[in-house]
1. Residues V515, V582: which one is aliphatic (A, V, I, L, M), outside the structural domain of I109 (by TED's automatic domain parsing) and either under 30 Å from S422 (Cβ atoms) or crowded, with 22+ Cβ neighbours inside 10 Å (or both)?
2. Which residue out of F175, F208 is touching a residue at least 40 places away in the same chain (Cβ under 8 Å) and either in contact with a His (Cβ under 6 Å, 6 or more places away or on another chain) or not assigned by TED's automatic domain parsing to the domain that holds S725 (or both)?
3. Looking at L615, is it buried (at least 21 other Cβ atoms within 10 Å of the Cβ), free of Cβ contacts under 8 Å to residues at least 60 places away in the same chain, of a type outside the set (D, E) and closer than 29 Å to K658 by Cα?
4. Of (1) in contact with a Leu (Cβ under 9 Å, 6 or more places away or on another chain); (2) touching a residue at least 40 places away in the same chain (Cβ under 8 Å), Y650 satisfies all except one. Which?
5. Only one of these conditions is not met by Y161: (1) at pLDDT 95 or above; (2) touching a Leu at 6+ places or on another chain (Cβ under 7 Å); (3) of a type in the set (S, T, Y). Which number is it?
6. Give segment 551-579 a look and list any residue that's in a loop (DSSP other than H, G, I, E, B), at pLDDT 85 or above, more than 19 Å from Q535 (Cβ to Cβ) and under 27 Å from the mean Cα position of the chain (by Cα), or say none.
7. I'd like to know if segment 147-156 contains one or more residues that are assigned to a helix (DSSP H, G or I), of a type in the set (S, T, Y) and either touching a His at 6+ places or on another chain (Cβ under 9 Å) or in the same structural domain as A23 (by TED's automatic domain parsing) (or both).
8. From A232, A247, grab the single residue that is surrounded by 22 or more Cβ atoms within 10 Å (Cβ to Cβ), in the same structural domain as F430 (by TED's automatic domain parsing), among the small types (G, A, S) and on the phi < 0 side of the Ramachandran plot.
Amino acid sequence: MNFHFLNRNGDLARRVVVASSGALIGLLLLLLLGGELSFWNFTNALQLASRSTIIILLLFTSGVTLFFTRPTSKELPELLAATLLLLFFSGWLTRPFGLLQGPSIRGEILLFALLATLTWKWQRWLLPTALFICHGLLFLWFFQSADGRMLFSDDNPTFFYRLLLLKEHFPNIPFYNPLWNGGIDARDFFATGVLNTFLLFSPLIYTFEVHSIYNLLVALLLFGVVPLSTFAASRIFGLSSRGGLLASILATSSSLLWYRWALQFGTMGFVTSTALLPLTLALGYRYFEHERISALQALATITVVSLYLLWSPAGIACIPLIFLGVIFIRKLLRQRWWIPSVLLLICIHLPWISLFWSVSTVGNFLVSEEERSSYVAAYSEETRPEVEEKEVELQKPKAYKHKKEEISLKNALKHLQEALHSAQPLVWVFAISGILLLSGMARLILASTLIWLLAVGSFGPMIKPQLEFDRFLVMALLVGSIPAGKALSLLFNTEHPRLLASLAIGFLFAGVWSVGGLLKNRSVVPIHYQPEEVQEVVQLTKEHAKGGRVLFSGFVLHDFGGGHIAPLPVLSQQPIIASNPVHKLWRYQQVFPKEFMQKGDSGIDEYLDLMNVSLVFAHERKWREYFRKREDLFTEIGRAGKFVAFERKYFPHSYFFKGSGEIINQSTNEVKFQLSSPSAVLRFQYFPFLEVDGCETIRPVPISASITFTAVSSCKADEPLSLHSVSPYKRWKLAYISKGGS
């Protein structure tokens, strides 16, 4: 049978048939990834037949058309571009939590597509210029929206605080921080990945005040490091300059979830590692090539990979690359600098990994199967249940949690669909054809990494929900920008405008436009900047602490200006007590320990006295009413937003539980004090890794199930003494060499 109209001479008939084949594949993708077919709005489902019947029919017809058309590599992008036409008319663009949020976005897509058609003859230089301008516009829009206010959503203030601490104390981490909760082990620099952000921007951090440049660091990551890393990786993988530029803008607008993690959640460690992932893969790819790696290239690889691995789960994404290294070990051994590079990476990372493991509870965390909460909206009075309780056991709130799911293909597909619904459609539409257009090892590395990231991100949350493996889907979309850029570059490589190519440009710039709307807080991802109430809380704390600690009653999660309360001790220069300074609690936890709550009013007063609390803030209605009723002991002295401040009329005025002396200074890593007697018990939490300069003995003094004070004896009288942590090396030694552990 002679299908002469399917010849490869580029005639109109063949292009129509190829586009028809692409439309069938597009329908199949929409059905698999969207769950159902719909027209114009996702609520208008098309019930033509059962879902399984349609999938089987589409698989058969698309397979037949592909068999007879046998598209060339140059036709692959145009084949899948037909999916964009279906996306435009389907309900995909109206689904909730999508980057391109319809139905209004269709107007922007058409406008940009029309402009592309009218200016097509200049697109070879106009398109790259426009892409450059887009990065600058996103940078500008972000700072316009901030209007001089620091980003304050969720974990952003926490990461700001960690950067401040690292600026003061790096490399002497972890350490003892007496300004929080009577003394805590400041050790979360390893698990959160903040070290990579700190080291990457250390010249700026050491030169300027962190508060003044925090927004700049975030902007440089999102609109500088991401496009540069993706562009460099694209060039290494063999893409043209135009393909690299397209990949970089796709990475910058890869998904709504990306900006949710970056701007709303503020997980800078994850964001930095994800931004460096494309370049990490590309530099690893270089070692598989026949061309010799230079010493400078090896040094660049070690630097980038080291920064990338400082977010502890980052190594999981590189497992396919490591597996390929084992298979093609002979190729690697031909590279002169491969073994030295590996050895140097081990020497760099083994010390901090071993220290991290020894000082943290990560082992228990990994085996924990407890249901944990998602990043929910900020706790507010409107979202908390009103329940009748005993007068003192106030506001015993509900738990917010993700239920552990059954491991199944259906649930995995649900996670994948949620991520793709939030994505720039160009990424997942063209990534497959782009992979096929790449050659040799580049195709193998990117394909295996993408499949692995999608698998981990889809199945991981069901296996270990506490590890938030769904982030790997965000990483997959960013990596997928590289092959998608390759396919789009080929699609746009025509002398005359074509419908599908112009439509692709429409989607491309509509994605940038949507990110701009997100930056201006016109999306479903809320972005909070530091409100006035934060400074008001700081001012009240400074003025009324009066030599004691400041306690926040109830449970403070995102109530502090939309973010966590972590930086308050640094901002106010006062010691603070709250349920937890960072997001380590996945359900409501009262600041007053259980053993004191059970005693009623006397227990609460006892705890406040033990911790030398002079000022109390209450942001929950029932706690405000509680302190107001006890006006014989608490005086309301001011309000900052939802926080009402109460001064205690009577408190110990002393940080000495036993003995006497003077607190000279409390900083973020030590307590300086002076004794009037040879021994004393300090109202600071004890840890086995503490030491005191000027005293011969330090020991714990248990007070209750949750409080253990620090006793010092045989001390030099009337001389400055210092309570602080031993060095990181000594903590490592305690864990691995000595019998005791920290």
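The values are calculated or read from the model by the stated rules, or taken from the named source; none is laboratory data. Not measured: the values here are computed from a predicted model. In this analysis, Cβ positions are derived from the backbone assuming ideal geometry, glycine residues included, and neighbour counts consider all displayed protein chains.
1. The match here is V582.
2. Within the list F175, F208, the selection yields F175.
3. Judged against the criteria, L615 is not a match.
4. It is condition (2) that Y650 fails.
5. (2)
6. G554, F555, S579
7. The answer is no; no qualifying residue exists.
8. Checking each option against the conditions leaves just A247.
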